[in-house]
């Protein structure tokens with residue numbers, strides 16, 4: 001996706017980060033914000049490229065502001081037992097509906 005080999009409509013794209021809509025949305029707004037460089041999960045991204053990790057959250061805020069969300073949830077799944085199914089770090093941005101706590 002980052003290289004353009006798999007065509008996707010981007011919500012955002014820079015040299016280091018891109019964002020797309022989730023193909024299985026769990027909320028009215030559900031975007032994936034993905035670093036271009038490969039890091040298996042958020043912890044490894046934080047160790048290897050903390051600037052990109054920070055950019056993921058800046059992009060999440062920009063997308064949320066752009067669609068008028070008054071609140072949103074950001075989620076990293078790290079490891080298969082936590083629900084990670086794609087082993088390339090990505091931040092989920094969810095919004096547009098109420099969320100419960102604790103998450104399920």
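Per-residue answers, yes or no, for (1) under 14 Å from the mean Cα position of the chain (by Cα); (2) without any contact (Cβ under 8 Å) to a residue 60 or more places away in the chain; (3) surrounded by fewer than 13 Cβ atoms within 10 Å (Cβ to Cβ):
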{"site": "17", "(1), (2), (3)": "yes, yes, no"}
{"site": "21", "(1), (2), (3)": "yes, yes, no"}
{"site": "65", "(1), (2), (3)": "no, yes, yes"}
{"site": "70", "(1), (2), (3)": "no, yes, yes"}
{"site": "90", "(1), (2), (3)": "yes, yes, no"}
{"site": "96", "(1), (2), (3)": "no, no, no"}
{"site": "102", "(1), (2), (3)": "no, yes, yes"}
### Query
Does residue 2 satisfy the criteria of being modelled with pLDDT under 95 and either crowded, with 19+ Cβ neighbours inside 10 Å or in a loop (DSSP other than H, G, I, E, B) (or both)?
yes
### Message
Any residue that is part of a helix (DSSP H, G or I), modelled with pLDDT under 95 and farther than 20 Å from residue 23 by Cα - is there at least one of those in the range 82-104?
### Response
no
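The values are calculated or read from the model by the stated rules, or taken from the named source; none is laboratory data. Given the structure is predicted, the values throughout are model-derived calculations rather than measurements. Please note: Cβ atoms are built from the backbone with ideal geometry, for glycine as well, and neighbour counts cover all protein chains shown.
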